[in-house]
Amino acid sequence: MKAKQLIEAIGLLDDSLIAQYDAYKPAKRKWLRPAIAAACICLLAGTGWGIMNGTLKMGGSTAGSGSTGHEENSSFMHYEGPVMPLTLLEENADVTASRELTFDFLAYSEPYEYYEYKGETKPVFRTGCTVGDSYTLYNGTDADISLTALYPFTGCIRDLSDEKFSVSVDGEKIDPELLPGSYAGDFEGVWTKDGLDDTTLNLHPPGAFADYVQLLENGAYLERTLSDAPILDQPVTVYSFTENTAPEGYDAATQSISFYIDPSETTILSFGFEGGEWREDGFRRFSFFVPRIRRRESKLLTILGEDIADYTLQGYQNGACEEGNELDGVSSVITRTEMTLEQLMQQVTEEIALYYWDGEMTEQQMQMTLRGAKELLTDYGVLSNSSVMRYDDGRLDDLISEAYAQERVFYAEIPLTIPAGGSINIDITLWRGGSYDYACSGKYSGIIGYDCAAHLGSNLDLTSQQVTLVNADDIQIVRQNFGFDLQNGITTVSIGEQDQYYMEVKKAEDQ
């Protein structure tokens, strides 16, 4: 099971479905994905509820306090990523800058709802803070300087919004173009009694500051972000299944199509299918539930390379496509069309935006997601030189949905003109949920981590950098290396001698 996909997948599931998953075997492979096991969902979603939903409940378990002189930050189960400094598209030695960074903890002071706990009414606070990252850029020459600034920030396409990220130049709000980077993590195996196996079934997002250093330090990530998206102009053959019917009384009636291919000549991508089976002899089976439990309309099999020849359609009483489970009266109309893979990817991304996300995905987010899915397909999927196991089944549903939710670095492209001998101000506001452990772990329960980079990925000459805490009366700093001293009123410090600065905080009442 792709464990780390659980949380992102919960919103896509129908409670009436039953999950079934057979372990991978070299000689034969099956998958059936109408849902993920309900017990697993309840376990993960329930135990991590408070922090996973961006809230902190008062009245639960508390964490111990630590020294503010602690020199090593904690390793959280979820790492939010650092607040990173502004950079320039092209380095300019005539431009210098000062930086003022603020962390506003107002959310820790204002409960947004209440709940009952052991007969008492308890407040619920959002975990996170508003970050203000402001720069003054100076032009010491006697001529205007026109340039493009780039502001990097971590996040996912799903969470982009004006409320969570905004930019102003000299007090006037602008709408910068946002450039999405590729998936910022890699892949890992599944936990067994002996530890992680050597598969690549699970996502492994960046888990520490060092991961972002490795990602960004040589400039290759930014260079790719600035380049054009992959163009998938390969011709493909698409088989669509419509007018699907089944006898009354079979809520999980299933339609399957099976055939043989030469894997060296044919590659298959699927969309909208819940089940699949592979064998080394080239046998392939794909299946879907006929009563449309999901609202998505399309069931598409896409063929790259040599087309399939004879195929067999067979109905089954449920998702177990096995002998003795057949069902007569299941039927579909199959239409064969030809197009490019680019056209297909555009079509299915639009459909996921409409049916999976209820139209909440903006046009900008949809195009970013399309790019991200094409990158996954060519970097890690069946069109790559060596696909990871997570994507080697060719399910476009997974590629697109995960591209929407995966961690990456965005760059806000900010065109500027700095007058001769003058300056220009850039004010950036972003919401940071902070790093955390799931509530079930107990190790850092109730503690949220925030960090920033003083230099990472920036070519800007930052002559000074100051960091200020705002609305900090209701927080306690557990660990840090900034140098704040809340008890003695030291809420502004200078940074820059090293790269990473961090603090780990909790509600002041949690003592």
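The values are calculated or read from the model by the stated rules, or taken from the named source; none is laboratory data. Quantities reported herein were computed from a predicted structural model and do not represent experimental measurements. So basically every Cβ, Gly included, is an ideal-geometry build from the backbone, and we count neighbours across all protein chains shown.
Just one of the numbered conditions (1) within 24 Å of the chain's Cα centre (by Cα); (2) under 28 Å from L88 (Cα atoms); (3) part of a loop (DSSP other than H, G, I, E, B) is not true of H455; which one?
Looking at each condition in turn, H455 falls short on (1).
Looking at (1) over 28 Å from G394 (Cβ atoms); (2) touching a residue at least 24 places away in the same chain (Cβ under 8 Å); (3) touching a strand residue (DSSP E or B) at 6+ places or on another chain (Cβ under 9 Å), which one does A208 not meet, given that it meets all the others?
A208 satisfies all of (1) over 28 Å from G394 (Cβ atoms); (2) touching a residue at least 24 places away in the same chain (Cβ under 8 Å); (3) touching a strand residue (DSSP E or B) at 6+ places or on another chain (Cβ under 9 Å) except (3).
Touching a residue at least 40 places away in the same chain (Cβ under 8 Å), among the hydrophobic types (A, V, I, L, M, F, W, C), assigned to a loop (DSSP other than H, G, I, E, B) and surrounded by fewer than 22 Cβ atoms within 10 Å (Cβ to Cβ) - does that describe any residue in the range 428-440?
Yes, the range 428-440 contains at least one residue that is touching a residue at least 40 places away in the same chain (Cβ under 8 Å), among the hydrophobic types (A, V, I, L, M, F, W, C), assigned to a loop (DSSP other than H, G, I, E, B) and surrounded by fewer than 22 Cβ atoms within 10 Å (Cβ to Cβ).
Going by what's in this entry, would T136 be described as closer than 22 Å to T225 by Cβ and of a type in the set (V, I, T)?
no
Answer yes if at least one residue in the range 185-204 is in contact with a Phe, Trp or Tyr (Cβ under 6 Å, 6 or more places away or on another chain), under 25 Å from G155 (Cβ atoms), assigned to a loop (DSSP other than H, G, I, E, B) and among the small types (G, A, S), and no otherwise.
No; the residues of the range 185-204 include none that is in contact with a Phe, Trp or Tyr (Cβ under 6 Å, 6 or more places away or on another chain), under 25 Å from G155 (Cβ atoms), assigned to a loop (DSSP other than H, G, I, E, B) and among the small types (G, A, S).
Which of (1) part of a helix (DSSP H, G or I); (2) modelled with pLDDT under 95; (3) closer than 18 Å to Q406 by Cα is the odd one out, the single condition L354 does not satisfy?
(3)
Being modelled with pLDDT of 95 or more and in contact with a Cys (Cβ under 8 Å, 6 or more places away or on another chain): is that true of Y450 here?
Yes; evaluated as a whole, the condition is true for this residue.
Given (1) under 21 Å from D393 (Cβ atoms); (2) assigned to a loop (DSSP other than H, G, I, E, B), identify the lone condition not met by P291.
Condition (1) is where P291 drops out.
Could you look through the range 249-263, keep only residues that are in a loop (DSSP other than H, G, I, E, B) and of a type in the set (G, A, S), and pick out the one that is farthest from S332 (Cα to Cα)?
Per the stated criteria, the residue is G249.
Would you tally the residues in the range 205-248 being part of a loop (DSSP other than H, G, I, E, B) and within 28 Å of T340 (Cβ to Cβ)?
Summing the residues that are part of a loop (DSSP other than H, G, I, E, B) and within 28 Å of T340 (Cβ to Cβ) in the range 205-248 gives 8.
Considering each residue of the range 441-452, count those that are in a loop (DSSP other than H, G, I, E, B) and surrounded by 17 or more Cβ atoms within 10 Å (Cβ to Cβ), and give that number.
Count: 4.
Would you mind finding the one in V131, V124 that is at pLDDT below 95 and either in a strand (DSSP E or B) or under 21 Å from A107 (Cβ atoms) (or both)?
V124
Name the single residue that is surrounded by the fewest Cβ atoms within 10 Å (Cβ to Cβ) among those in the range 376-417 being touching an Asp or Glu at 6+ places or on another chain (Cβ under 7 Å) and under 30 Å from D94 (Cβ atoms).
Result: T417.
In the range 134-162, what residues are of a type in the set (D, E) and either within 20 Å of the chain's Cα centre (by Cα) or modelled with pLDDT under 80 (or both)?
Residues satisfying the conditions are D159, D162.
Condition check: under 25 Å from A149 (Cα atoms), in contact (Cβ under 8 Å) with a residue 40 or more places away in the chain and touching a strand residue (DSSP E or B) at 6+ places or on another chain (Cβ under 8 Å). Does L179 satisfy that?
yes
Mind listing whichever residues of the range 458-490 are crowded, with 16+ Cβ neighbours inside 10 Å, more than 28 Å from the chain's Cα centre (by Cα) and part of a loop (DSSP other than H, G, I, E, B)?
Within the range 458-490, L460, N471, A472, D474, N481, F482, F484 qualify.
Any residue in the range 139-147 that is among the hydroxyl-bearing types (S, T, Y), surrounded by fewer than 18 Cβ atoms within 10 Å (Cβ to Cβ), in contact (Cβ under 8 Å) with a residue 24 or more places away in the chain and not in a strand (DSSP E or B)?
So far as the range 139-147 goes, yes, one or more of its residues are among the hydroxyl-bearing types (S, T, Y), surrounded by fewer than 18 Cβ atoms within 10 Å (Cβ to Cβ), in contact (Cβ under 8 Å) with a residue 24 or more places away in the chain and not in a strand (DSSP E or B).
Could you please find all residues in the range 227-250 being touching a residue at least 40 places away in the same chain (Cβ under 8 Å) and surrounded by fewer than 13 Cβ atoms within 10 Å (Cβ to Cβ)?
The answer is I231, D233, P235, T242, E243.
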